[in-house]
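Working notes for the structure below.
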Amino acid sequence: MSQNTVASRRSFLRSAGAVGAGAVAGFPMIARAQQSTTLRLQGAWSAKDIFHEYALDFCRKINEMSGDRLRVEVLPAGAVVKAQDLLEAVHRGVIDGCHAVPAFWHNRNTAFSLFGSGPAVGMDANGFLAWIRYGGGMTLYTELMHRQLNLNVMPFFTGPMPTQPLGWFKKPIQSSAQFKGLKVRATGLVADLYREMGAQIVTVAEQDIVAALKSGQLDAVEFNNASSDRWLGLPEVAKICMLKIQHQLAEVFEVLINRGKFMALPAELQAIVRNAAEAASADMSWKALHRYPDDQAWMRDKQGVSFHETPAEVLRAQMKAWRAVVAWHVQSNPFFDKVWKAQQVWARRTVGWSQETLLGSTMAYDYWFSQRRK
């Protein structure tokens, strides 16, 4: 190789290095120069509820991953509109988005309640999110939003909730017969379930639940989890909490964003929103596992709450009631039938595999901790 060739190559490398260094050094300045976008979301939850905290966690992930190119702010319940009006407000652009649950929109189409508050088919909430992601659930939900109802909304699912309690009662539930005439707060398909079991459904706003239970307007109430129930004040007016149910095994949160606002975002920011929803699901699972046991123990040890396992007879009665509720909605709503059939196909395959393959935790837990639990 000649000296001229070596010199020429060295000169080229020096020039390329200078250009590369300038490009790397200049990139942050280019990113900082880009204008940031702010989206305002309203949650359906009080600022004191752990649900609002979950909404903040989701939005913080977006803010951090985007380097503040996309700023998402979260307002608490009632800041702009009422919880039941959030979907319409997002559709019309009154707010940029919301953090809620699909069952809130049950009155628009009963199929909404299948997306998180549907009949027990063996799926937990994480299994339900797997159906959303890989079993066609998201396609069905966007079809419901865009083709069935023509809503200007982009939906994102997040946040698998653990199985909820049967509820808070004045005395323990020992049989399904005790639901006859019982005044219960419930919504969507769960309200239909309780009606089928003979209960009377009373509509009460979240902030009025404790007062309604104290005054006798309600005989029983279920809200969601140990942390939310404790914050709401339920241990102050009822000392019996029944655990384990068949009526809300797979509830999840959703984030709705105005479709026009979302599509106006650059592709990389849209991707950040999608991935933040999945990241928030994992984080919420971990946080719930950390927080709920402590709040349940506090209510038991400090507030005198007695926790009871729901009898098997009541659980079987719930399953029987589900069959009747599903039969009615399948006949009255073809899209409900379409979603229900898709969920059954997924559950038969995946829950069947889980039962055949995965070992429950009871044996190991009892081996190490049964004496402590007693």
Worksheet, complete the sentence: The one condition residue 280 fails out of (1) of a type in the set (A, V, I, L, M, F, W, C); (2) surrounded by 20 or more Cβ atoms within 10 Å (Cβ to Cβ); (3) within 24 Å of the chain's Cα centre (by Cα); (4) over 14 Å from residue 51 (Cα atoms) is (4)
Discussion item. If the requirement is being closer than 25 Å to residue 124 by Cβ, open to solvent by 10 Å² or more (accessible area, probe 1.4 Å) and at pLDDT 95 or above, which of these qualifies: 185, 230, 259?
Written reply: 230
Worksheet item: Which one of 327, 364 is of a type in the set (Gly, Ala, Ser), modelled with pLDDT under 95, open to solvent by 50 Å² or more (accessible area, probe 1.4 Å) and in a helix (DSSP H, G or I)?
Response: 364
Item to complete: Select from the range 291-308 the residues that are more than 24 Å from the chain's Cα centre (by Cα) and among the charged types (D, E, K, R) and list them in ascending order.
Response: 300, 301, 302
Worksheet item: Given (1) under 18 Å from residue 255 (Cβ atoms); (2) surrounded by fewer than 22 Cβ atoms within 10 Å (Cβ to Cβ), where does residue 122 come up short, assuming only one miss?
Response: (1)
Worksheet item: Which is more than 20 Å from residue 160 (Cβ to Cβ) and modelled with pLDDT of 80 or more, of 26, 43, 78?
Response: 78
Worksheet item: Which condition number does residue 103 fail, the rest of (1) assigned to a helix (DSSP H, G or I); (2) surrounded by fewer than 20 Cβ atoms within 10 Å (Cβ to Cβ); (3) small (Gly, Ala, Ser) being met?
Response: (2)
Fill in: Those residues of the range 33-62 which are farther than 24 Å from residue 227 by Cβ and part of a helix (DSSP H, G or I), in sequence order
33
Item to complete: Tell me, please, whether a residue that is at pLDDT 95 or above, open to solvent by 10 Å² or more (accessible area, probe 1.4 Å), within 29 Å of residue 316 (Cα to Cα) and not hydrophobic (A, V, I, L, M, F, W, C) can be found in the range 52-71.
Response: no
Response to the item:
If we keep only residues of the range 208-227 that are touching a Gly at 6+ places or on another chain (Cβ under 9 Å) and not β-branched (Val, Ile, Thr), then the residue surrounded by the most Cβ atoms within 10 Å (Cβ to Cβ) is 220
Item to complete: Scan the range 83-100 for residues that are open to solvent by 50 Å² or more (accessible area, probe 1.4 Å) and either hydroxyl-bearing (Ser, Thr, Tyr) or at pLDDT below 95 (or both) and jot them down.
Response: 84
Worksheet item: Can you name the condition, by its number, that residue 211 falls short on among (1) farther than 20 Å from residue 309 by Cα; (2) aliphatic (A, V, I, L, M); (3) assigned to a loop (DSSP other than H, G, I, E, B)?
Response: (3)
Worksheet item: Failed condition for residue 111, given (1) in contact with a strand residue (DSSP E or B) (Cβ under 9 Å, 6 or more places away or on another chain); (2) in a helix (DSSP H, G or I); (3) within 25 Å of residue 319 (Cα to Cα), with all others met?
Response: (1)
Fill in: Matching residues in the range 294-322 - criterion: being assigned to a helix (DSSP H, G or I), open to solvent by 60 Å² or more (accessible area, probe 1.4 Å) and either small (Gly, Ala, Ser) or out of contact with any Asp or Glu (no Cβ under 9 Å at 6 or more places or on another chain) (or both)
294, 298, 300, 301, 302, 313, 316, 319
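The values are calculated or read from the model by the stated rules, or taken from the named source; none is laboratory data. Computed from a predicted model, the values in this text were never measured in an experiment. Cβ sites come from the backbone with ideal geometry, for glycine too, and all protein chains shown count toward neighbours. Each accessible area value is taken on the protein alone, full model and side chains, heavy atoms only, with ligands, DNA and RNA left out. Shrake-Rupley method; radii C 1.70, N 1.55, O 1.52, S 1.80 Å.
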